[in-house]
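Written out below as structure tokens is the structure these notes cover.
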Amino acid sequence: MSTMGRPARRGCAAALLYLLAGCATGYAPTPFWTIRPGAFKELIPGSTTKDDVRRQIGVPVTESHFPRQNEDVWEYRYLEGSTIRMLADVYFDANGFYRGTAQRLDPAYIGGGLR
């Protein structure tokens with residue numbers, strides 16, 4: 001019998017599917033376990049560009065454009081500490097400059113397990 005517990009196997013399977021999905025579509029967001037909260041603190045409103053964010057943090061999970069607000073929002077998953085899964089929305093103005101970040105618990109992982 002394997003020494004790896006069910007939650008660990010589930011986590012490995014989820015990580016593998018996450019990586020394979022990016023290979024199949026050609027779009028591969030930066031893995032959430034490689035992004036740390038400190039990366040968002042280094043962004044400077046009005047000075048940091050989209051290219052800077054992509055270099056410093058990586059490829060977002062989603063990129064959205066909101067025409068009425070005339071802004072773009074990129075969403076990143078990341079770890080707070082070693083186990084708390086979080087979401088960060090990174091906001092850009094119409095010229096592509098960083099405006100701010102909103103961070104919250106990732107609703108897909110509240111309670112520590114997949115839902």
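The values are calculated or read from the model by the stated rules, or taken from the named source; none is laboratory data. Being a predicted model, the structure only gives us computed values, none of them experimental. Here the Cβ is made from the backbone with ideal geometry for all residues, glycine too, and neighbour counts use every protein chain on show.
Residues that are of a type in the set (S, T, N, Q) and modelled with pLDDT of 95 or more: does the stretch 81-97 have at least one? Taking every residue of the stretch 81-97 in turn, at least one turns out to be of a type in the set (S, T, N, Q) and modelled with pLDDT of 95 or more. Summed over the stretch 68-98, residues that are among the basic types (Lys, Arg) and either in contact with a Pro (Cβ under 6 Å, 6 or more places away or on another chain) or loosely packed, with under 15 Cβ neighbours inside 10 Å (or both) total 1. Of all residues in the stretch 1-56, count the ones that are of a type in the set (D, E, K, R), at pLDDT below 80 and within 16 Å of Arg85 (Cβ to Cβ). Going through the stretch 1-56 one residue at a time, the tally reaches 1.
Taking the criterion of being small (Gly, Ala, Ser) and more than 16 Å from Leu43 (Cβ to Cβ), the residues of the stretch 56-115 that qualify are Ser64, Gly81, Ser82, Ala94, Ala108, Gly111, Gly112, Gly113.
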